[in-house]
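The values are calculated or read from the model by the stated rules, or taken from the named source; none is laboratory data. These numbers were taken from a predicted model, which means no experiment stands behind them. When we count neighbours, we look across all protein chains shown, and the Cβ atoms used for this are built from the backbone with ideal geometry, even at glycine. Accessible surface is based on the protein model in full, side chains and every heavy atom, while ligands, DNA and RNA are left aside. Shrake-Rupley method; radii C 1.70, N 1.55, O 1.52, S 1.80 Å.
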Amino acid sequence: MTSDLAVALAGFAIGWLSFFPPRRNSVTLRESIESLSVVIPARDEEHNIGQVVASLRSALGDGIEIVVADDRSRDETALRAARAGAIVVSVDEPPEGWTGKAHACWVGQQRVSRRHVMFVDADVRFGRGASDVVATAVATLVEDPTTLASVQPWHSPKRFFERFAMLFNVVSVMAGRGRGLWVSKRPLAFGPVMVCDVVEYRRRGGHAHESVKGSIVEDIALSRLFDRGVVQIGASDSVTFRMYDKGIGQVVEGFTKNLASGGSSTSLVAVVGVATWFVFLCSPVVLGSGWYFVCVVQVYALSRVVGKFGVIHALLYPVHVVFFLAVLLRSMWLRFVTRSVTWKGRAIAFYD
């Protein structure tokens, strides 16, 4: 019992320390945003593309340069992007050895004309507080162009099944080591929003680099090309997204892809930390029902940092644990046995 209690307490501490409030950066250099171009890789995003372009203009100003790299969409993505005022670039089928997103990012960035480029997923939304977040990222690059800055958007789910992303969102921040008292010099980058110096990006090979162009987790691979990384966590009034809104199958497929491809890039320290935290979440089985409420309180507090997750899902966290572990096992099977995953209609193989 003593060892079980010690591990549970260690997991409890890791949970809090992983989300320890970061020091606030007061930089709000509005002029830094004027040096920024935005590239949005998009495939069949007609329901998102107009909204993300509009939110960018509202948050960062009408002068922002926005390039939409249309990745052979089968819907009205290109038309709606053009109507919203974006520059639309048509992207051909990716060459052999490339993933679609990496190819779209590479083609799109060739059209930008400014000093810094921000890669943005189509499901991201920018609110009134986004200008400070983006300006802080750009100011970091002005100070050190060898940095890759990224933002983990605050998750804004709408339906019940979408909230099964709760533990995945918490773990991504915890394992990414971009926040808390154990921040890494090279935290895992978050692909929905990445900002870098264009000259440095191209000099290092960018999305065309051999280690990036075929990677399923091109964001993590790209971050390895830079000398250091900086991560910010979005808030409900700054940078948000709605992940996997098309059904529970998309939730499973999306996180299977992420776990299968991103796990090998996670540091041993992060893996041990996350595993210890999960042991803490299971502590009520051994230590008694009183620990259940301790777990609920922490899950609720941490989940509110990363998204709109309420008390109900905190109370249901054991179901979320089972779901997380099931997706993890599925991802391991696909990663090491079938050696491929499917995403947005494309089969993506793993190569060691």
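Structure summary
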| quantity | calculated |
| --- | --- |
| Ser113 vs. criteria touching a residue at least 12 places away in the same chain (Cβ under 8 Å) and touching a Lys or Arg at 6+ places or on another chain (Cβ under 7 Å) | no |
| Extreme residue, farthest from the chain's Cα centre (by Cα), among residues of segment 47-91 that are open to solvent by less than 60 Å² (accessible area, probe 1.4 Å) and of a type in the set (Asp, Glu) | Asp75 |
| Subset of segment 125-143 [part of a helix (DSSP H, G or I) and in contact with a helix residue (DSSP H, G or I) (Cβ under 8 Å, 6 or more places away or on another chain)] | Ala130, Ser131, Val134, Ala135, Val138, Ala139, Val142 |
| Condition met for Ala149 (in contact (Cβ under 8 Å) with a residue 40 or more places away in the chain, in a loop (DSSP other than H, G, I, E, B) and buried (at least 22 other Cβ atoms within 10 Å of the Cβ)) | no |
| Lone unmet requirement of (1) surrounded by fewer than 22 Cβ atoms within 10 Å (Cβ to Cβ); (2) modelled with pLDDT under 95 for Leu188 | (1) |
| Positions within segment 219-251 being assigned to a loop (DSSP other than H, G, I, E, B) and aromatic (Phe, Trp, Tyr), in sequence order | Phe226, Tyr244 |
| Out of Val286, Val274, Val297, Val279, sole residue that is open to solvent by less than 50 Å² (accessible area, probe 1.4 Å) and either part of a helix (DSSP H, G or I) or not charged (D, E, K, R) (or both) | Val274 |
| Subset of segment 131-145 (residues that are open to solvent by less than 30 Å² (accessible area, probe 1.4 Å) and out of contact with any Leu (no Cβ under 7 Å at 6 or more places or on another chain)) | Val133, Thr136, Ala137, Thr140, Leu141 |
| Count of segment 159-198 residues which are touching a Pro at 6+ places or on another chain (Cβ under 7 Å) and either of a type in the set (Lys, Arg) or in a helix (DSSP H, G or I) (or both) | 5 |
| Single residue of segment 212-235 satisfying the filter (in contact with a His (Cβ under 7 Å, 6 or more places away or on another chain) and of a type in the set (A, V, I, L, M, F, W, C)) that is surrounded by the fewest Cβ atoms within 10 Å (Cβ to Cβ) | Leu225 |
| Qualifying position, being among the basic types (Lys, Arg), open to solvent by 10 Å² or more (accessible area, probe 1.4 Å), over 21 Å from Leu334 (Cβ atoms) and over 22 Å from the mean Cα position of the chain (by Cα), among Arg242, Arg203 | Arg203 |
